[in-house]
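Below: the structure, in C-alpha cells.
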Amino acid sequence: MNLQDNDFVLFGVPERFAQDRAALDARWKELQREAHPDRFAAQGAAAQRVAMQWSVRINEAYQRLKDPLKRATYLCELRGAPIDAERNTAMPRQFLVQQMEWRESLEEARDEDEVEAVARQLDGARKRTLADVERLLDSEGDTKAAAEQVRALMFLNRFAHDVEARFDQLGQ
C-alpha cells in the first residue's frame, strides 16, 4: 500500500459511486488491524509514527467512501470535475425552481404535518438525486453533470437541517 493511493485503491474497491457498505466496513476494520500502532510497538517509536499515519489515512479514506455525498464529491474531483461549491453554484433550472417552492412551503408550514410533507418531498428528491449521481458517474461517465447533481445534493442536505429546525420550532 502507498499513502498516496486514492481511497478506492487503498480499500481495494472499484472506483465507482455504488459501493457495498458492509464490504467497506469490513475492509476498514481489516486495514485498521493491519496498521494499528500497537502492532509496531516492538519496532520502536518511528514505526509507530508511520503506523499512526497509516491509521489516520485509512480513517480519512473510510469517512469519504462510506458517505455518499463525500464519495460523489471525491469521485468528481478524481475525474477532473471538482465541485467547488463555494464559487460554482450551477444547478439545473428545474431544481432551482423546486428549491424556492420547498423554502416557501417550509416557511408557510403551520404544523408538524405540513413540515412532514416537505420532509417527505425532500427525502424523495434526495433518493432520486443519489440515483442520478450513480447513473451519471457509473453508467454514463458524465462527471460534469454528476458534479451539478452533487451540488444539488449539498443543498438538499443543508435544507434537511432547516426542516429539522422547523420541526424543533413547532415543537416548542
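Listing for the model above:
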| quantity | calculated |
| --- | --- |
| Among LEU65, LEU31, LEU75, residue whose mean-square fluctuation peaks in a GNM of the chain (springs only between Cα atoms under 10 Å) | LEU31 |
| The chain: most fluctuating residue of ALA81, ALA26, ALA125 per GNM, C-alpha cutoff 10 Å | ALA26 |
| Computed over region 39-172: relative contact order in percent, which uses C-alpha pairs under 8 Å that are six or more apart | 29 percent |
| Base-10 log of normalised Debye intensity for region 7-66 (one unit scatterer per alpha-carbon) at q = 0.15, 0.18, 0.25, 0.28 Å⁻¹ | -0.45, -0.60, -0.95, -1.10 |
| Per-residue ³J(HN,Hα) for region 25-35, Karplus 6.51 cos²θ - 1.76 cosθ + 1.60, θ = phi - 60°, Hz, x for Gly and Pro | 4, 5, 5, 4, 4, 4, 5, 5, 4, 5, 9 |
| Highest-MSF residue in the chain out of ARG110, ARG135, ARG71 [GNM, Cα springs under 10 Å] | ARG110 |
| Dipole magnitude of the chain, debye to nearest 20 (Cβ charges: Lys/Arg +1, Asp/Glu -1, about Cα centre) | 800 debye |
| Using θ = phi - 60° and Karplus 6.51 cos²θ - 1.76 cosθ + 1.60, couplings along region 107-123 (whole Hz; Gly, Pro as x) | 5, 8, 4, 9, 8, 5, 4, 5, 5, 4, 4, 5, 4, 5, 4, 5, 4 |
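Each value in this text was obtained by applying a stated rule to the coordinates, not by laboratory testing. Quantities reported herein were computed from a predicted structural model and do not represent experimental measurements. Quick reminder, even Gly has a Cβ in these numbers, built from the backbone with ideal geometry, and neighbours come from all protein chains shown.
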